[in-house]
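These notes are about the structure you will find just below.
None of the figures in this text is laboratory data; all of them are computed from the coordinates on show. Everything quoted here is computed from the prediction, not taken from an experiment. No Cβ is skipped: glycine too gets one built from the backbone with ideal geometry, and neighbour counts run over all protein chains shown.
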Amino acid sequence: MADRTLHCDIEHSVARALSEFSIEFSVLHWTADQTAIVSVSRRNFDMTYRMAWLSHATLSGLSRLDQQDSAQRLLVTSPHINSRTAEALRAAHIDYIDYAGNTNLNFGPVLVDVRGRRNPNMEQSHRPADANLFSARRMQVLFVLLAWPDFADMPVRRIAEAAGTSVGITQSTLEIMKESDYLVGKRLHRREELLDLWTAAFRGTLLPKIRRNSFKGDIENWSTRLGALVSGESAVELIRKPQTLTIYTKKFDLMDAVSHGWQQSTDPNIEIRHQFWNEPPWAVPSERRDVFARSSAPPLLIYADLLAVKEPRQAEVARTLRREQLV
């Protein structure tokens, strides 16, 4: 959407929401990004605000905007402002309004405080185009937070580096998580629920994006090379004589397949996948060597790979790992 079209849409939506309270609204001029100097008035009282528009209102997005220098008070507007964000805005004495009419305005003798309204159709129409929390790229960010929960307390750039994603995708993923209450403050919330959803989405979204090569061959005499991580049933010591081999690596040399006698096949038992993440230097490999093989992928990925093949024996092992809190 072009800036002018977006600006007109914002002006119309905010003016319509405020008209219910007999408050007149006008934009004096737009400044950088989606910030504008606006005037609101009722009867003989008026106020000039610096209006900040957020497509997805979160506290992290607000904190970046609020650092800008301005002589005007801040007015936050968005298609939807949830109750937690609204409460924080009121506590910070920041006025706001969303398109459903949830409002907190306090100037002169004018006080408008409306809460709890929902407008799902309007909220959906203004949601970012790529707002699916379980798209392939966002799945990478979720993986890092689920595998190493301490990342939730780290800068966005550090999370992006570990996930192999852009800062923009990482930031928007965190905002959606906060909106969905999977991230509260800087702590992962409802992890078990999120883990279930991530695992269920893995096979259909992330897995197709990271597949590289498929082979048929003998896996008994295969040995890990530096930088290659094993997953699936070959990574779990509980499974004797695994029939499949799943390898995650940054770069795979096809000569390795030739040297092992592996051949490309439409019915493979060997899969080479891209290692999309960058394991943090402070991560400690699992010490449960009676459970996981040497040079294995993170337990979360092993768990997802076991479930993805939809084979009863591997599914039972996956449930055992989950029950013993090894994931």
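Over the C-alpha trace of region 136-202, radius of gyration and Dmax come out as 10.5, 28 angstrom. Projecting the Cα positions of 194, 268, 112 onto the charge dipole of the chain (unit charges on Cβ atoms of Lys, Arg, Asp and Glu, taken about the Cα centre) puts 268 furthest along the positive direction. Close lysine pairs were tallied over the chain: pairs 8 or more places apart or on different chains with Cα atoms under 17 Å apart number 4.
Using only Cα atoms and rounding to the nearest 10 degrees, what angle (0 to 90) does helix 3-19 make with the longest principal axis of the chain? The helix 3-19 is inclined about 60 degrees to the chain. Between helix 136-147 and the chain there is an angle of about 80 degrees, using the helix long axis and the longest principal axis of the Cα atoms. Taking amide H positions as modeled 1.01 Å from N, with prolines and chain starts lacking one, no residue 5 or more places away or on another chain lies under 5 Å from residue 21.
For the pair residue 135 and residue 93 in one chain, pulling the backbone fully straight at 0.36 nm per residue adds 11.5 nm over the alpha carbon distance. Translational diffusion coefficient of region 236-327 at 37 °C, 0.692 mPa s, Stokes-Einstein with Kirkwood Rh over Cα pairs, in µm²/s as a whole number. Calculated translational D: 223 µm²/s. With the cut-off at under 17 Å, measuring from each backbone N in region 263-285 to a point 7 Å along the Cα-to-Cβ line of residue 295 picks out 270-276, 279, 285. Overall dimensions of the chain, expressed as equivalent-ellipsoid semi-axes from the Cα gyration tensor (√(5λ), whole Å, largest first), are 51, 18, 16. Extension gain for the segment residue 153 to residue 45, taken as residue separation times 0.36 nm less the Cα-Cα distance, is 34.5 nm to one decimal. Quick check: the angle from helix 167-179's long axis to the longest principal axis of the chain, C-alpha only, nearest 10 degrees? For 167-179 against the chain, the angle is about 70 degrees.
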